[in-house]
Amino acid sequence: MTGHQTPCRTSAWHNMLVSRKCSSTLLLFILAALLLVAGSLLVAGCGSDQTDATVESIPMRIVSTAPANTEMLFALGLGERVVGVTSLDDYPPEAAKIAKIGDFQPNPEAIVALDPDLVVGYSGNEEALAPIKTAGTPVLILNPATVAQIYTDITTVGAATGATGQATELVESIKAQMKSVGDAAAAAGDSPKVFFAVDNTLWTAGPGSFVDELLTLAHATNVAATPGADGAAAQPYYQFAPEQLVAADPDVILLPGSFYKSAEEFSADPRFAGLRAVKEGRVLVIDDVTVTRPGPRIADGLKVLAMAIHPGAF
C-alpha cells in the first residue's frame with residue numbers, strides 16, 4: 001500500500017493509498033481497483049519488479065510516480081535530483097514545490113517534458129510508463145508487499161542512483177527503529193486482538209500485507225488474519241462483514257484518520273454497540289497514512305500502531 005488521505009488504491013493500493021484526498025466518488029474507483037489488484041498483485045504476494053531499469057550512469061533528473069517512492073528518494077538525500085512527482089505526494093514538504101506529472105496514473109507527456117534520466121514507478125503504472133521506457137529512459141517499478149521488500153527497494157533505488165552507502169545506512173537505521181519499537185511493544189506482555197480498518201467500509205489488512213506484518217511486530221493479534229465464519233481464506237486486503245467484526249469482538253479497533261474525524265462516528269453504529277472495544281473506549285483514530293505507506297517511515301508507522309495498542313509502553 002502507498003498511504004495518504006483517503007485510500008485511493010490503484011496498484012497494491014498505489015503505495016497503499018496514495019493520497020487519501022479522494023472524494024466519495026473516487027471510493028467507487030478505489031473498490032474497483034482493489035478487486036483487480038487483490039486477485040493478482042496482492043494475493044500473489046508479489047514484490048518489486050526491478051528488472052525494467054538499466055541505469056548506465058548516475059541519474060541526475062529523477063521522476064517519482066508514487067508518494068512512497070518520493071519519500072525514499074528524499075530519505076536517500078536525492079531530493080535535489082527529483083524533478084517530477086505526483087499531485088498526491090505530501091511528504092516531505094519540499095515535494096509540494098516539485099513539478100507534477102499526474103496523480104494515480106502518471107502523465108507520459110508531462111514526464112517526457114521533464115527530460116528525466118530515471119523514472120521510479122509503481123506497479124500499476126506500467127502501461128502509462130511504457131512510452132517512457134520505449135524511448136530509452138530507465139524505468140524502475142516498485143511494489144513492496146512486505147517489510148523486507150521495502151528494505152530491498154531502498155537498496156535497489158540506492159544502487160540505481162549512486163546512493164548505495166546512504167541506502168545501507170538508511171535500511172540499518174530503519175531496522176534499528178523497528179526493533180526498538182517492537183521490543184517495547186513486546187515488553188507490554190499482552191497481545192490484544194486488533195481490527196485495523198483501511199477505510200470506513202470495513203476493508204482491512206490480512207496476511208500477506210505488510211500492515212499485518214506490522215501488527216505482529218506491534219505485538220497484536222490481527223483478527224483479519226484468520227478465515228471468516230464461511231471458511232473463506234483471509235486475503236492481504238479484503239472487506240470484513242459487520243457480523244465478522246461482531247464475532248471477532250476485538251479488544252482494539254483502529255480507524256483511519258483519512259476517513260474518520262472521531263471514534264464516535266464508528267462507535268455510534270448500533271451494530272457495534274456490544275463490541276468490547278466500543279464498551280471499553282478502545283476505538284481509536286490513527287495516522288493511517290504513515291502506517292500504510294511502504295517507504296522509509298515504516299518504523300514510524302509501526303510506532304503509531306504500537307502506541308495505540310500498548311499506550312502504557314511508550
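The values are calculated or read from the model by the stated rules, or taken from the named source; none is laboratory data. All values derive from a computational prediction rather than experimental measurement. No Cβ is skipped: glycine too gets one built from the backbone with ideal geometry, and neighbour counts run over all protein chains shown.
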Report task. Search region 99-111 for residues that are at negative phi and pair each with any residue that is surrounded by fewer than 16 Cβ atoms within 10 Å (Cβ to Cβ) when their beta-carbon atoms are under 6 Å apart and the residues are at least 6 apart or on different chains. Result -> LYS100/SER87; ILE101/ALA110; ASP103/SER87; PRO108/PRO131
Query - Only one of ALA145, ALA128, ALA184, ALA160 that is surrounded by 21 or more Cβ atoms within 10 Å (Cβ to Cβ), small (Gly, Ala, Ser) and part of a helix (DSSP H, G or I) - result: ALA160
Report task. Could you list all residues from region 277-292 that are charged (D, E, K, R) and either touching a Gly at 6+ places or on another chain (Cβ under 6 Å) or part of a helix (DSSP H, G or I) (or both)? Result -> LYS279, ASP287, ASP288
Requested in this report: Go through region 284-303 and count every residue that is over 13 Å from LEU254 (Cα atoms) and of a type in the set (Val, Ile, Thr).
Outcome: 2
Query raised in the report: Which one is nearest to GLU172 (Cα to Cα), of the residues in region 249-299 that are without any contact (Cβ under 8 Å) to a residue 24 or more places away in the chain and among the polar types (S, T, N, Q)?
Result: SER262
Query - Complete set of residues in region 276-302 that are more than 15 Å from the chain's Cα centre (by Cα), surrounded by fewer than 22 Cβ atoms within 10 Å (Cβ to Cβ) and on the phi < 0 side of the Ramachandran plot - result: ARG276, VAL278, LYS279, GLU280, ARG282, LEU284, VAL285
Query - Any chance LEU35 is at pLDDT below 95 and either part of a helix (DSSP H, G or I) or buried (at least 23 other Cβ atoms within 10 Å of the Cβ) (or both) - result: yes
Query - Test: VAL246 is part of a helix (DSSP H, G or I), touching a residue at least 24 places away in the same chain (Cβ under 8 Å) and β-branched (Val, Ile, Thr) - result: yes
Query - Breaking point among (1) free of Cβ contacts under 8 Å to residues at least 60 places away in the same chain; (2) crowded, with 21+ Cβ neighbours inside 10 Å; (3) of a type in the set (S, T, N, Q), for SER123 - result: (1)
Query raised in the report: If you take the residues of region 85-103 that are within 14 Å of TYR122 (Cα to Cα) and outside any loop (DSSP other than H, G, I, E, B), which of them is modelled with the highest pLDDT?
Result: VAL85
Query - Residue in region 302-312 that is outside any helix (DSSP H, G or I) and within 15 Å of PHE196 (Cα to Cα) present - result: yes
Report task. Output yes when any residue across region 166-173 is in contact (Cβ under 8 Å) with a residue 60 or more places away in the chain, touching a Leu at 6+ places or on another chain (Cβ under 7 Å) and surrounded by 19 or more Cβ atoms within 10 Å (Cβ to Cβ), and no when none is. Result -> yes
